[in-house]
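Just below is one structure, and these are the notes that go with it.
The values are calculated or read from the model by the stated rules, or taken from the named source; none is laboratory data. A quick note: this is a predicted structure, and the numbers were derived from the prediction, not measured. A quick note on method: Cβ atoms are made from the backbone with ideal geometry, for glycine too, and the neighbour counts reach across all protein chains shown.
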Amino acid sequence: MPAYTDKSTGFLRGHKMPVTCVAAPGMGDASEQPHDKDFSAAAAANAFSLDRHIYTGGKDCCILRWDLQEEKKSVFRGRRNDFNCGGHFRPVLGLCVAPDESFFCSGGADQLLRIWDYRSSTTKCVAALRGHSGAICCVKLNNWPSAVAGGEPGPVCTQTQSYSSAGDVEVLTCGADKSIKLWNLTVRACLNSYYGHTAPINFMDVMLPNKPLTAGDDCTVRSWKLVQDTHLVFSPQLTPVDACCYLTPSLFACGTQGGVISLCSVLQKKPIAAVQQLPPLSKMRGAHADSSSSRRGITAMAALRRSEVLFAGSEGGAVQAWRAKRRKKTKERKESGGNLAGGSTAASLELVSEVRVAGVVTSLCLTPSEHTLAAAVAKENRLGRWTVDKEARNGIALFGLVRR
């Protein structure tokens, strides 16, 4: 049965300016490992130890590491326009965290990919890598070697380790310069750049190594095969795409500024399902609120991997849980078996639940146990567009997930 968002379990405040991204150790990228999704009493007891830390970045140029058990936070400082501060001097827009938390990476409007180790310093990053000519909008782990996952020290902070492509940690970044870059963190260098988008790339998701999914201002979603240096362009949307996520290696979803959520298969270019999110009338204010559509844009997405459940956050403050449902077989689809990833299969999206927060949902992330959904809430969009909600609070809303 599908999971859905229950009532809020907490709200964390620490950033002085809008929160732009939230990440959990080893979640939302190719380092994520499949595990037992049994929501039993034993799993619930273990969830408290798994879901200890989450990381957030904001427009105050700082990164916060939250300890959910002790209700404390560590601040990795940055300072706006201070190029020698040791951290970001422009807004932080993307984060990824190693599964063992031996390091985490951040990217932002200062065009630098920064590597951090909380055990060494909170005021200065381990390394700052240059390569992008525009703001870095998203950072994802491309691989996580099994040797490191087994408990050995991460290779990022080892200065004398020899180059080994099989054991290196790689990171993917994308940004406003319309490119995807592949980084090797062992040698601290950019391995390759990939081009295809004709406008800034807003978001990226990775489920399998070297196969990212990107969404951009050119109104397209693209599925990449970096080894072959090829990619597929899916049917253009009517408005720019701000969010995307993989459900399975062959099924993904995307959300646009116009409020459309599309479910797509890698086997066909047209969406197999699409829904239009209506503006939240309860949140609109002013004489012209009824004709405004800017409050319904989809700004963040996340999914339960290898399932049919996805989460979407909007500029109007809605956090929704959707379930992809297979339509009944027709005579034309009997031979294909009715699989959601099938080329001729139609599907539908069912709204399972919805909760409201005051502000713009700029980022969504599931914790490792998948018992909690963390939503970054801000007064404005993560890329600084559209409206500003002066009554909202900048912070992280936590929601419990219940499975029935």
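Looking at the structure I just gave you, is Asp205 modelled with pLDDT under 95 and among the acidic types (Asp, Glu)? Here the answer is no, as Asp205 does not meet what is asked. Listed by first and then second residue, the pairs linking a residue in region 360-381 that is surrounded by fewer than 24 Cβ atoms within 10 Å (Cβ to Cβ) to a residue that is part of a strand (DSSP E or B) and modelled with pLDDT under 90, with Cβ atoms under 6 Å apart and 6 or more places separating them unless they lie on different chains, are His371/Leu401; Lys379/Val388; Glu380/Val388. The set of residues from region 177-232 being surrounded by 21 or more Cβ atoms within 10 Å (Cβ to Cβ), among the hydrophobic types (A, V, I, L, M, F, W, C) and in contact with a Phe, Trp or Tyr (Cβ under 7 Å, 6 or more places away or on another chain) comprises Ile180, Met207, Leu213, Ala215, Val221, Trp224. Residues of region 233-250 that are assigned to a strand (DSSP E or B) and buried (at least 21 other Cβ atoms within 10 Å of the Cβ): Val241, Asp242, Ala243, Cys244, Cys245, Tyr246, Leu247.
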